[in-house]
Amino acid sequence: MSVIDSDGLLEVRGLRTVFDTRAGRVCAVDGVDVSVRRGECLGVVGESGSGKSVTFASVMGLIKAPGHIDAGDICFDGQNLRQLSVKQMRAIRGRDIAMTMQDALTALNPALTVGEQLAEMMIAHDQSLPRNKRERRRLVEQKSVDILQLVGIPSAKSRLQQYPHEFSGGMRQRIMIAISLASHPRLLIADEPTTALDVTIQAQVLELISDLRAKLGMSVVLITHDLGVVSEHCDRVMVMYAGQVVEEGPTESVIRNPQHPYTRGLLGSIPRISKRGEPIQPIDGQVPDLIDLPAQCRFYSRCQQRSDACLKYIQMTTLSQDRKVRCVLAEETAHD
Amino acid sequence: MTESQSPLLSLDQLSKTYIGRRSLVERLMRVPPTNVQAVNQVSFDIRRGETLGLIGESGCGKSTLGRSILRLHEPSSGKVVYDGQDITGLNPQDMKTMRRRMQIIFQDPYASLNPRRSVVELVGLPLKLHGLAKNDAEVREKVAYIIERVGLKANQMDRYPHQFSGGQRQRIGIARALVSHPEFIVCDEPVSALDVSIQAQIIQLLQELKQEMGLTYLFISHDISVIGYLSDRVAVMYLGDLVELGPVESVLNNPRHPYTQSLMSAAPDVDQPGKRDRVQLTGDLPSPMNPPSGCKFHTRCPVAIDRCKTEVPVIESVGEGHQARCHRLGEQISVLNLSA
Ligand SMILES: Nc1ncnc2c1ncn2[C@@H]1O[C@H](COP(=O)(O)OP(=O)(O)OP(=O)(O)O)[C@@H](O)[C@H]1O
Ligand SMILES: Nc1ncnc2c1ncn2[C@@H]1O[C@H](COP(=O)(O)OP(=O)(O)OP(=O)(O)O)[C@@H](O)[C@H]1O
Ligand SMILES: [Mg+2]
Ligand SMILES: [Mg+2]
């Protein structure tokens, strides 16, 4: 097993997650390393289908057939999660690590009230609750009201009796976060928490996550395709492309000084109000199929700077302690 | 934008109310239907050759407005005047002829294409509908031209939608809208469902096509950067109402409605993280079935006063071609100064 960084809360090394489909084996995540430090917010960006959700669903032990984790280590607080039993894993999930799913409406159970779903979560994870049923119920209700107030839902007490469809999109998203936070996790993985929301509500939800991070001292992984969100909320950022991490580093450095042609392309394709009248530079072409990928740079077909040197397996190059990029051009300069 | 003669399109007090469905029991019990006033007396002009951006929260009525203009949803009241002609009264036959000149690109590239039709059938349909091609050979020829123009290959025209990526499907949607050589296109969030890198391809394509074919766009989006990047003027909607309208520079740099101000301040910006004074709106979008009294924004407005709860504000001019709907315009109030 690899050496584990001592200040890392989550350390993933060489993760490979595959899906066996009729068309062949889809290698959705191929050799991914992730480190999340205590108290930090890590942003994860990348093309749709690049493996962002699958990476973190693997961490959570939520990959179901036809998929499975093929290789890699997942260490949380020094403990290798892949060696845990299903039962031990269930205890970690929810208590220590919580994940809000990409689609809040489908992730909430439409048949249960929000109060029931919060109670279920707390009872499953909080051993300190009293055994006496009546006392327990009162305490759980009190805590549920507190947590809904914490995520900014007014008249929390009466809201507990309502079903998910009676809330707006932004409220459902916040309820999902409330449910994830009910057990005071040490790591919150928020998968596109604001994609379906409007900017005004989006700002509320992200502010909330930042606040709670400061208050509860938890670490956060924020999966998003919005570089503006990353730039405002994340300490570090990891860029994924076709199942691999292609660039990583402190947010400001990656955004100000992107090293991978894909990251550069991504930044160049955001329409900016300040650049009205100037052409935007889209990245031409499309992502490759994830079945039977040849050993070469995966961005090759779309890259402006491609050369024959790219037609081999590309290693991650470490530029400086925190700064990594997977590109031959960086390999060359690093060797000079 | 060059000032041109008469507008290409004028909306006059256009409204659309969806009448809620009731079950038999509800009807017998005389439960009143729950109506949604999705678009409420919206008036504005679109000039020839311009791009009017339409922005607002999810559910505020943007798509409904776009569809009512083309009469894909029948407006409940008000007028749509296209090229000097009131089209709200047109019979189906005349409306069909009119649709050749007015097209729409839909929000969802996955749902808006019939999966059982091949590309040539999908894109060729308007040609057949409007009798623009004499025979199948001519249909194929015209389809081949247009799909190449939008960046697909002519030899892909016998494939089916599921064989294409999201970005390619959106190109098929664009080809379908363009094949009959329209003048006016409603672009209903044509890039929202796409990856950032593909979004840029489509935005660039729409800009090029506009130049080349002299098109006029109503461009719907909830993304301020996209709207700011490609519009000449911007219209802002809130819960069915038009709350602000003006040249893009004025609306973005000097927004006058508190909602537009909050929208601008809430949009994250890659280049300048945390540069602005953030305005946090509290509360959620109210239900359109039961909109707030007075100014509909008063439940979330940081600068609302008592008058806003009871009295509906009217839209008034605040500058060159710039209008807004707020009781406190005269006071030059900005929600951005609140924190100071
Ligand atoms: N159950 C499955 N069966 C087969 N392939 C799958 C399955 N789930 C995911 N994949 C594939 O794994 C790849 C990675 O998917 P993932 O959901 O992680 O993407 P993502 O980066 O989260 O994208 P998005 O931004 O669209 O959410 C995709 O190519 C997807 O098609
Ligand atoms: N066919 C329909 N029947 C009843 N109500 C509808 C119908 N279509 C839309 N609505 C309602 O009308 C309101 C406006 O919807 P519309 O789709 O125009 O919003 P939008 O601004 O386009 O939102 P989005 O950004 O989410 O696309 C919403 O409250 C919606 O629930
Ligand atoms: Mg995902
Ligand atoms: Mg819409």
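Any read-out appearing in this document is the output of simple, stated calculations on the displayed coordinates, not a laboratory observation. What you are looking at is a predicted structure, and each value in this text was computed from that prediction instead of being measured. No Cβ is skipped: glycine too gets one built from the backbone with ideal geometry, and neighbour counts run over all protein chains shown.
Here is how the numbers come out for the structure above:
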{"quantity": "Length-normalised contact order for the stretch A:186-310 - Cα pairs under 8 Å, 6+ apart - percent", "calculated": "17 percent"}
{"quantity": "Over chain B: helical MRE at 222 nm, DSSP H runs n ≥ 4 each giving -39500 (n - 2.57), nearest 500", "calculated": "-9000 deg cm²/dmol"}
{"quantity": "Between the stretch B:160-189 and the stretch A:251-267, the Cα center-to-center distance that results, in Å", "calculated": "31 Å"}
{"quantity": "Where trypsin sites (Lys or Arg not before Pro) fall in DSSP loop in the stretch B:215-275, at most 15 other Cβ within 10 Å", "calculated": "B:275"}
{"quantity": "Listed residues B:167, B:330, B:56, most fluctuating in chain B (Gaussian network, C-alpha, under 10 Å)", "calculated": "B:330"}
{"quantity": "Theoretical ellipticity at 222 nm over chain A - DSSP helices of four or more residues, -39500 (n - 2.57) apiece, nearest 500", "calculated": "-10000 deg cm²/dmol"}
{"quantity": "Amide H contacts under 5 Å for residue B:51, placed H, 5+ residues apart", "calculated": "B:217, B:232, B:233"}
{"quantity": "Taking the stretch A:106-184 and dividing mean pair separation by its residue count, relative contact order in percent (alpha carbons under 8 Å, at least six apart)", "calculated": "47 percent"}
{"quantity": "GluC sites (Glu not before Pro), loop per DSSP, at most 14 other Cβ atoms within 10 Å - longest free stretch of chain B", "calculated": "B:4-310"}
{"quantity": "Cα gyration tensor shape of chain B, rounded if a/c is under 1.5, else prolate or oblate by comparing a/b with b/c", "calculated": "prolate"}
{"quantity": "Amide H partners (placed H, <5 Å) of residue B:244, local residues excluded", "calculated": "B:236"}
{"quantity": "Neighbour net charge for residue B:331 - beta-carbon separation under 14 angstrom, K R +1, D E -1", "calculated": "+2"}
{"quantity": "Beta bridges per DSSP with both ends in the protein assembly as shown, % antiparallel, nearest 5", "calculated": "60 percent"}
{"quantity": "GNM result for chain B, Cα springs below 10 Å: residue of B:126, B:268, B:190 fluctuating most strongly", "calculated": "B:268"}
{"quantity": "Choice from B:264, B:237, B:289 showing the highest fluctuation, given a GNM over chain B with Cα pairs closer than 10 Å", "calculated": "B:289"}
{"quantity": "DSSP-defined antiparallel bridges as percent of all bridges, chain A, nearest 5", "calculated": "65 percent"}
